[in-house]
Amino acid sequence: MHHEDLSTSRLDPQDWPAATALGSRMVADLVSYHRDVRDRPAWQPVPPEVRSTFTAPLPREGIGADATYDRFKDTILPYPTGNLHPRFWGWVMGNGTVTGAFAGFLANAMNCMTWAGDQASTYVEEQVLTWCQEIVGYPADATGLLVTGASMGTLVALASARARFAPEATTTGVASLGARPVLYASRETHLCVRKAWELLGLGSDTVRMIPVTDAFEIDVAALVDTIDADVAAGLRPAVVVGNAGTVNTGAIDPLAALADVSARYGMWFHVDGAIGAPARAVPSLAARFVGLERSDSVVFDFHKWLHVPYGVGCVMVRHPELQRAAFEKSSAYLSATTQGFLSSATVFGDLGLELSRDFRALKVWMTVIEHGWSAFARAMEDNCGHARLLADLVDAAPDLERLAPVSLNIVCFRYTTPHLDAPAHDALNQQLLIELQTRGIAVPSHTRVNGAFALRVAITNHRSRADDFRVLVREARRIGAELARDADRGDVAVA
Ligand SMILES: *Cc1c(COP(=O)(O)O)cnc(C)c1O
């Protein structure tokens, strides 16, 4: 029996005008969702009855596009991360933009597979990567790649490094290495560095977590001592990592000094600039990033301080041949041709782990050309100004205590009261954080600074205004006092 074609695709709309109407409704909803974000709570939990709708079995029959969108509006759209909100300062998140959202939609509409090829998405990514060279101060022959985020970028960077300090690992495996290669990073370094090192087979027992100064920057003297001790013990210093904005406090390591140390010992110098590297563009901060341009590799995220919708980060590698050595494998089905689709120069699939890649470059390209790079510098400068404002407000409040210097855009503080010991302070501040979040007031995240539980306010938010920080301080003091009274009475919510 032979197959008769349907008159249309099974998966395309059956009613095209209805598809247009639905799309128009989505666009209108998206724009007002962004416009009115301030009127909604900063965050709200997903109610159990909504959550339970996500345990349905695989649907056999479809419900159609309109009903699907209605379901999205009822059960998904009201329960976001919260990071569009002007008082969301948790972790380090970008806030997105309307154009960024449209760009994601347009990229998906084209559905380009951006691995290689003579197609616009190739050239848009090449274009964005030349901008990235400028952003980090790398030469024009440095290679790079847009990745899903700095974690993936770190894996690409350290794999490129391994192609230099242990090229034999590619063929005979890490077990065949002689002296163990060692990685050095401050103890404030993001866990993605250790993760990548472990995945490369190099072992977390060769990750040295170097102490930091009072400013939470790597202690260079301690670094050098550790390296010398390892050399004396027959190990091989291989990689030093510098932070351009740590996740806890926003500290920037002394990058020029780290570049000197890595040159002295012949190590690879990698910079984790996930949060901070773009702030090189802020005139008042540029001096603090000197040395970044001397690194061998660097990662930074577009989806954090640059607000491109998740997930786009960038990795840049100064040595194209090493990035290729780590990732380029030949195969008959992927080999380039001189003409036709596969004649383009850049094969992104040869520069990283991902082969089937989305057109993530479009979100960056549209966001950057819409606003211009200086708009981002100004927005980052506003954030640093707001961090100083918040630090001043905290310092002026007798019942709030700032726990770390404000280096960039991150403020760590806690509520204090004379009667409580250290564990009770931690418990009270944990509860304070939960109250701020669940009452929908604001979303800081938390960390520990020198052992103490801290509310951590990471200000990358392009929608925050000065009054938002006054609200935070007022509410933190009010709720903190409520909790302190409860703790004094002994009916502790603070457990
Ligand atoms: C967020 C972050 C990372 C990891 O980046 P992802 O984009 O989440 O993969 C690495 N380092 C620092 C300092 C970060 O803030």
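At-a-glance table
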read-out: Residue identified as among the acidic types (Asp, Glu), within 11 Å of the ligand (Cβ to nearest atom) and surrounded by 19 or more Cβ atoms within 10 Å (Cβ to Cβ) among 188, 217; value: 188
read-out: Conditions (1) in contact with a Lys or Arg (Cβ under 7 Å, 6 or more places away or on another chain); (2) within 16 Å of the ligand (Cβ to nearest atom); number of the one not met by residue 200; value: (2)
read-out: Any chance residue 207 is farther than 17 Å from residue 270 by Cβ, within 16 Å of the ligand (Cβ to nearest atom) and open to solvent by less than 60 Å² (accessible area, probe 1.4 Å); value: no
read-out: Test: residue in segment 307-320 that is away from the ligand (no atom under 13 Å from the Cβ), more than 14 Å from the chain's Cα centre (by Cα) and surrounded by fewer than 22 Cβ atoms within 10 Å (Cβ to Cβ); value: yes
read-out: Qualifying residue in segment 371-383 (condition: open to solvent by 40 Å² or more (accessible area, probe 1.4 Å) and farther than 22 Å from residue 283 by Cβ); value: no
read-out: Within segment 247-279, tally of residues that are surrounded by fewer than 24 Cβ atoms within 10 Å (Cβ to Cβ) and within 20 Å of residue 313 (Cα to Cα); value: 2
read-out: Test: residue in segment 458-468 that is in contact with a strand residue (DSSP E or B) (Cβ under 7 Å, 6 or more places away or on another chain) and over 26 Å from residue 278 (Cα atoms); value: no
read-out: In segment 152-166, the residues that are touching a His at 6+ places or on another chain (Cβ under 8 Å) and open to solvent by 20 Å² or more (accessible area, probe 1.4 Å); value: 164
read-out: Selection count where residues are modelled with pLDDT of 95 or more and open to solvent by 50 Å² or more (accessible area, probe 1.4 Å), scope segment 41-51; value: 4
read-out: Test: residue 124 is within 16 Å of the ligand (Cβ to nearest atom) and in contact with a helix residue (DSSP H, G or I) (Cβ under 7 Å, 6 or more places away or on another chain); value: no
read-out: When residues of segment 175-185 are limited to those that are buried (at least 20 other Cβ atoms within 10 Å of the Cβ) and away from the ligand (no atom under 13 Å from the Cβ), the one farthest from the chain's Cα centre (by Cα); value: 181
read-out: Test: residue 169 is over 21 Å from the mean Cα position of the chain (by Cα) and over 24 Å from residue 307 (Cα atoms); value: yes
read-out: Elements of type helices (runs of 4 or more DSSP H) in segment 1-115, at least 1 residues being out of contact with any strand residue (DSSP E or B) (no Cβ under 8 Å at 6 or more places or on another chain) and under 26 Å from residue 472 (Cβ atoms); value: 16-35, 98-110
read-out: Total residues in segment 379-407, condition in contact (Cβ under 8 Å) with a residue 60 or more places away in the chain and in a helix (DSSP H, G or I); value: 12
read-out: Identity of the residue in segment 294-305, under 26 Å from residue 240 (Cβ atoms) and part of a loop (DSSP other than H, G, I, E, B), that ends up farthest from the ligand (Cβ to nearest atom); value: 296
read-out: Criterion (outside any strand (DSSP E or B) and either open to solvent by 30 Å² or more (accessible area, probe 1.4 Å) or not charged (D, E, K, R) (or both)) met by exactly one of 482, 475; value: 482
read-out: Test: residue in segment 232-246 that is buried (at least 17 other Cβ atoms within 10 Å of the Cβ) and assigned to a loop (DSSP other than H, G, I, E, B); value: yes
read-out: Residue 449 vs. criteria among the aliphatic types (A, V, I, L, M) and out of contact with any Pro (no Cβ under 6 Å at 6 or more places or on another chain); value: yes
read-out: Candidates 418, 423 - the one that is without any contact (Cβ under 8 Å) to a residue 12 or more places away in the chain and outside any helix (DSSP H, G or I); value: 418
read-out: Selection within segment 133-151 - open to solvent by less than 10 Å² (accessible area, probe 1.4 Å), of a type outside the set (Gly, Ala, Ser) and away from the ligand (no atom under 11 Å from the Cβ); value: 136, 145, 146
read-out: Count - residues of segment 247-276 that are in a loop (DSSP other than H, G, I, E, B) and either within 11 Å of the ligand (Cβ to nearest atom) or under 20 Å from the mean Cα position of the chain (by Cα) (or both); value: 10
read-out: Residue selected from segment 439-455 under the condition within 20 Å of the chain's Cα centre (by Cα) and open to solvent by less than 10 Å² (accessible area, probe 1.4 Å), by the criterion farthest from residue 245 (Cα to Cα); value: 443
read-out: Candidates 406, 394, 364, 411 - the one that is β-branched (Val, Ile, Thr) and open to solvent by 20 Å² or more (accessible area, probe 1.4 Å); value: 406
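The values are calculated or read from the model by the stated rules, or taken from the named source; none is laboratory data. Since this is a predicted model, take the numbers as computed values, not measurements. Note that we place each Cβ from the backbone using ideal geometry, even for glycine, and neighbour counts take in every protein chain shown. With ligands, DNA and RNA removed, areas are computed over all heavy atoms of the protein, side chains included. Shrake-Rupley method; radii C 1.70, N 1.55, O 1.52, S 1.80 Å.
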